[in-house]
Structure formats: structure tokens, C-alpha cells
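Okay, so here's the structure we're looking at.
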Amino acid sequence: MTINYARETVIDFTKPFMNLGISILFKAPKPQPTELFSFMNPLALEIWLYILFAYVLVSITIWIIARFSPYEWAYPNPCQDRNRLVFQNDFTLPNSFWFAIGTLMQQGSDVNPKAASTRIVGGIWWFFTLIMISSYTANLAAFLTVERMATPIESAEDLAKQSNIGYGTLAGGSTMTFFRDSKVGNYQKMWRYMESKGENESFVTSYESGVEKVLSGNYAFLGESTMLDYLVQRNCNLTQIGDLIDSKGYGIATPKGSKWRDKISQAILFLQEKGVIQMYYNKWWRNKSQSTSSSTHCSTKPRVVDSVKANALGIVNIGGIFVVLLCGLAVAVIVAIMEFCWSNSSSEMQLWSSVGVIPALKFLLLSMEKTFLILTSLSSPIVKRNMKLLLNQIAPSVFYSAMEITDPRQLQ
């Protein structure tokens, strides 16, 4: 018999030999059908959009930085005519997007950064993709191993918040008394709902009637967990949902002041310590006896639907990696500006300094060319040396397609 306050006032109970609580009996949910784009479930929609934005941002950033950095402009054919200098930058806009997508897919590309600034962008993007792909793979495994169940409710709180699914309990039982006398807001709300629906709609006269209403659909039955567990183990169309609502125990009732109370309590404690009570519980409740036919036990499917399930990763889970990416891009931009300014202030860059920063910026920002050509016929060995140092370290300020330079001042 269930131990409660009203009964304890008129009879004596032994030590509880079994613990229980109020549970929810519901019709077993069916597994959700496999979705065509279920591979996108491990990450939330906002994360996919942020990844797309990060991909575009990194591609454009590395393209701009590569044009500004003098160390990304190379002289690929040193054996050509020294009077015809052709310089090339591999990071065109298409190549920048190809570099970013190759890294994101963990395949790499044939375009490699040379300058410190572009290498910072590449390194932080590699770190970003490492964390993102690892997170996606780990959560994908969770989605593939957890059976997705279409369960409209997961707890008593869910029942209290809705009115589409009816619910009730055994009329006159301890479960009904619990909801009637409860001081908890959600349970009081549930009791008012059961009262408003009337006895025929919410309350049943037996557990068999409750099971019939559950199997008919759109009804949840609230009862003692031990009895519901017994029913679930013998009907594969039933399941228990959520955790126990309360905690109580079964005890043996004796008359007030009976001398048998303590003796029976001692025997119960002895059997509990030896595991005898648990053994009989498994045998008669959970059908784990060797002599029991396996056809009466639903051991191949989950009998309790837990509220814990695989969830898509959102910005709260992996938002920090986007912050790290933005910080890395900011550092790369600062380094690129320093490279640009250093090349202009270098003592070996006197010819470049005479060009000026404004014309250089016009070329770098307005021109989409990946190569430039300079025709030189400088007679002075010193001028030729400075010109060679200049062209090997920094881009020109304007695009000279076919211009013969005989005087360094023509670069102004």
C-alpha cells in the first residue's frame, strides 16, 4: 500500500520496501522519418549562415591584404629580359575564394600565402575550419546514434502548458489526492484542468481503462510509476515520459501499535540488503526471468522517452570561434598596413618613395590586374639596382603596360 499522511494517521506502516512516484503513461511515439537534408541538423541554421558569411569575409580579406602586401608580388620569370619586368600576384579574387573553400573542405589549394599578413589570415582560417569541422563531426555522430522520436510532451510541465492533449488519473487514488492537495503552481493548474473536464473525461475507474484511453490516442495517464512500468513492459505501444513527479514508497500496513511492525521492517531491510527484493522486481515487473518468454518483453526499443536528446549546435555553443576569427583578421590587417608602410619608408625604396602613397593606393584598390609590366632602360647601375630591389619587394603605383623608363622621375 502507498504510504501517505492520511493513512499514517489511522494505521502504522513498515519501512518502505519499494520506492515509486507519479509518472506519465503515453502512447509510444513513432520514429521520425529520415529527412533528405538531415546532414545539416548538427548545426543550427544561424551557424550555417555565419559560416557562409565568414567564408566570404575571409576570401575578400585575404584578397585585399595580398594586394596591399608587397611580399605577395613576385617576379616569376627572372631569366626573362631584364628590361621587361613582369610581376604577378597569385591571390586574385577567384583564387582567394578557391583558397578559402579548399581549406574549409580540408583539401587545400595550389595557392599559398607568402607574406606574414596573408599567412596570419590563412592560419586563423585553418584553425576556424578545424574547430568547426570537429564540432560538426562530433554532433553528427550524436544525431546518427540517437533515435529521433516525435514526442509532443516530455514532462508534466509540458502537459500543464497545453490543452490539446487530455490527461487524467485514477479516481479516488493517491495520485488524485496528490494533485488535489498540491501547492505547486503547475500541479494546481493540472488539477483545475482535470476538474473542468469532468470525471468521464479525465478520471478512470481502473488502470485498464486508463490504458485503453492512452492507446486510443491524445491522452496521457498519470499514475504510480511501478504500475505503469509493469504495463509498459507488457505492451510495446506504451511508454513512460519524463522523470517522476514525486517520491513515495510502498509499505505493509499494520494496526496501530502492532508488535509486528518492527519485525516486518527488519525483514524488509534484510531482503533489501541481500538484493532479494530487486531480484523479484526484475522478475515480475521487468520480465527478466529466464523462464519468461522473450515475446512478451519489448527489449528492442526504448521504454522511457527521456527529455535529453541531440541538439543542434548554436551560437552559444561555438560562437567563440567566430570571435577568434575576427580577431585574427584584425591582426592580419594591421600587419598588412605595417608591411605597406615599411616598404615605403625603407632606405632601399627611394624610387618607390618618390611615387607617393596615393598613386599606389589607387592602383591597389582600383585595378583588378594580377600582373604588371615595366619596360626599363636605365643606364645607371645604381638606379638599376634600386629599381630591381623596388620591383622585387613592392607593387608599382600605376599599371605601366608598355612604358620605357629612362628617368626615375617619370614614375611620379
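Within the set Ser196, Ser209, the sole residue that is hydroxyl-bearing (Ser, Thr, Tyr), farther than 17 Å from Ile24 by Cβ and outside any strand (DSSP E or B) turns out to be Ser196.
Pairs linking a residue in the range 219-234 that is closer than 15 Å to Ile245 by Cα to a residue that is assigned to a strand (DSSP E or B) and of a type in the set (D, E, K, R), with Cβ atoms under 9 Å and 6 or more positions apart or on different chains, are Ala220/Lys27; Glu224/Lys248.
Look at (1) surrounded by fewer than 15 Cβ atoms within 10 Å (Cβ to Cβ); (2) in a helix (DSSP H, G or I) and you find that Tyr136 fails only one, number (1). Of the residues making up the range 67-99, those that are at pLDDT below 75 and in a loop (DSSP other than H, G, I, E, B) are Tyr75, Pro76, Asn77, Pro78, Cys79, Gln80, Asp81, Arg82, Asn83. In this structure, Phe178 does satisfy being touching a Phe, Trp or Tyr at 6+ places or on another chain (Cβ under 9 Å) and either surrounded by fewer than 18 Cβ atoms within 10 Å (Cβ to Cβ) or not polar (S, T, N, Q) (or both). The set of residues from the range 1-39 being touching a residue at least 12 places away in the same chain (Cβ under 8 Å) and either among the β-branched types (Val, Ile, Thr) or in contact with a Cys (Cβ under 8 Å, 6 or more places away or on another chain) (or both) comprises Thr2, Ile3, Val10, Ile11, Thr14, Ile22, Ile24, Ala28. Annotation: of all residues in the range 239-269 being hydrophobic (A, V, I, L, M, F, W, C) and at pLDDT below 90, the one that is nearest to Met18 (Cα to Cα) is Leu244.
Of all residues in the range 247-261, those satisfying the criterion of being surrounded by 16 or more Cβ atoms within 10 Å (Cβ to Cβ) and outside any strand (DSSP E or B) are Gly251, Ile252, Arg261. Among the residues of the range 228-242, the ones that are farther than 14 Å from Ile153 by Cβ and assigned to a loop (DSSP other than H, G, I, E, B) come to 5 in all. On the basis of being within 30 Å of Phe68 (Cα to Cα), of a type in the set (Ser, Thr, Tyr) and touching a helix residue (DSSP H, G or I) at 6+ places or on another chain (Cβ under 7 Å), does Thr118 make the cut? Against the criterion (within 30 Å of Phe68 (Cα to Cα), of a type in the set (Ser, Thr, Tyr) and touching a helix residue (DSSP H, G or I) at 6+ places or on another chain (Cβ under 7 Å)), Thr118 qualifies. Taking the criterion of being within 16 Å of Gly217 (Cα to Cα) and part of a strand (DSSP E or B), the residues of the range 159-177 that qualify are Gly166, Tyr167, Gly168, Thr169. Restricting attention to the range 18-31, does a residue exist that is of a type in the set (Val, Ile, Thr), modelled with pLDDT of 90 or more and outside the structural domain of Gly217 (by the TED database)? Scanning the range 18-31 turns up no residue that is of a type in the set (Val, Ile, Thr), modelled with pLDDT of 90 or more and outside the structural domain of Gly217 (by the TED database).
The values are calculated or read from the model by the stated rules, or taken from the named source; none is laboratory data. Because the structure is a prediction, the values reported are computed rather than measured. Glycine also receives a Cβ, built like all others from the backbone with ideal geometry; neighbour counts cover every protein chain displayed.
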